[in-house]
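A short worksheet on the structure shown next.
The values are calculated or read from the model by the stated rules, or taken from the named source; none is laboratory data. A quick note: this is a predicted structure, and the numbers were derived from the prediction, not measured. Neighbour counts run over all protein chains shown; Cβ positions are idealised from the backbone, glycine included.
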Amino acid sequence: MSLDVAAVRAAFPILSRTVRGGNTLIYLDSGATSHNPVQVLDAERAYNVTSNAAAHRGAHLLGEEATDALEHARARVAAFIGADPGEIVFTRNATEAANLIAYSISNAATGAPSGGPATGSPLVLGPGDEVLITELEHHANLVPWQQLCQRTGATLRWFPVTGEGRVDLSDIGTLVSERTKVVAVTGQSNVTGAMPPVETIAAAAHAVGAIVVVDAAQSVPHHPVRVGDSGADLLYFSGHKMLAPTGVRALWGRRPALASIPPFITGGSLLRAVRMQASTSRPPAHRRQHGQPAADPVEVAHDVRREEHGGPPCDGARHRAQELAARRGVQARGRLVEEPRRGRDQLVRPRQGRRVRRRPGLLCRLKPAGGRDRRG
Ligand SMILES: Cc1ncc(COP(=O)(O)O)c(C=O)c1O
């Protein structure tokens, strides 16, 4: 199926603006953040114009509508990744989701607040325990684990990367051991595009009783992900990389995994009963969701992405870059990691070559050597 570039451009109002020199905007930085199509912008405005209220708080019509919108969005997001709505926690970003997990785990070590894990949880980390990641992680899935280890005295270990930019599993038998308590891996690297075999890593981790966390910030926008088959116990991704507005992301967790870690941020929207002496928490997914999340636009984003464009904007950018490369005889620069396992090639970061990078109006992640990118 050929991509209707004009229709895609028409759906994104921002693409109608020009950039420096009056050039047409070409946006190839969707791996960092995607733009909002008109359907998402309209839905967000409609929600604010007609139904804005505090979900799960206001006992009036608007409160009901806001609650319905939020829970509808939760159900749609859950369906999108094959999960149960009660397993979806809305967070503000992927970084927050990773920190939420890491801080929840250290809360288990330091004495759980209300709703925390049973004592004796395998997630009570201390000296001698290990957290295992890969050398390919985004900072969001690296620094929270470094700090968790600093707080608890556990040791951080990692799978190295091969010369090809893939995760090197040759030492998995040594790296995953009885000491391993948490394995946190990327579903798809934002650096090389490699997709580590999460199922294999998860099987080894589960065999020693470790919990598996997957950073799916790049994989969920690009591939159909069914959480049940993924091997993950906790998995998070970012709405802003898949057409949703900034500030809407999701964390998924199997119920036992969510139930096994105590809340991180407590207060508004998490509690069932509050007394001056102590409070009791709501069910596992709700007790991790602090304050008011955004609701409506998430589901619209998913609808638009899947049903109207037949693919995410990143696909459009990839497609366009490939077309350009083919038409102009441009060579791809940077590492192109093929992932035959999923039958799809990945163009990683917009390193489409010197000529494409010089194209007026093109906004991509890399800046030309030696300075600020003034092209756009
Ligand atoms: C693989 C990966 N993980 C996490 C993040 C952080 O995402 P967020 O901006 O939603 O915190 C990114 C952002 O680029 C990413 O590419």
Pull up region 10-40, narrow it to residues that are in a helix (DSSP H, G or I) and closer than 26 Å to Ser219 by Cβ, then point me to the one that is nearest to the ligand (Cβ to nearest atom).
-> Val40
Confirm whether Ala10 is among the small types (Gly, Ala, Ser) and surrounded by 14 or more Cβ atoms within 10 Å (Cβ to Cβ).
-> no
State all residues of region 122-181 that are within 16 Å of the ligand (Cβ to nearest atom), modelled with pLDDT under 95 and of a type in the set (S, T, N, Q); if no residue qualifies, say none.
-> none
Pairs with Cβ under 9 Å, 6+ apart, first in region 135-157 and more than 13 Å from Ser106 (Cα to Cα) and touching a residue at least 12 places away in the same chain (Cβ under 8 Å), second among the acidic types (Asp, Glu) and within 16 Å of the ligand (Cβ to nearest atom) | Glu137/Asp215; His138/Asp215; Ala140/Glu96; Ala140/Asp215; Asn141/Asp215
Enumerate the helices (runs of 4 or more DSSP H) found wholly within region 157-235, keeping only those where 3 or more residues are surrounded by fewer than 24 Cβ atoms within 10 Å (Cβ to Cβ) and over 13 Å from the mean Cα position of the chain (by Cα).
-> 172-175, 198-207, 227-230
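For Glu199, are the conditions met, namely being more than 13 Å from Ala232 (Cβ to Cβ) and charged (D, E, K, R)?
Values: more than 13 Å from Ala232 (Cβ to Cβ): no; charged (D, E, K, R): yes.
Spelling it out, it is not the case that Glu199 is more than 13 Å from Ala232 (Cβ to Cβ) and charged (D, E, K, R).
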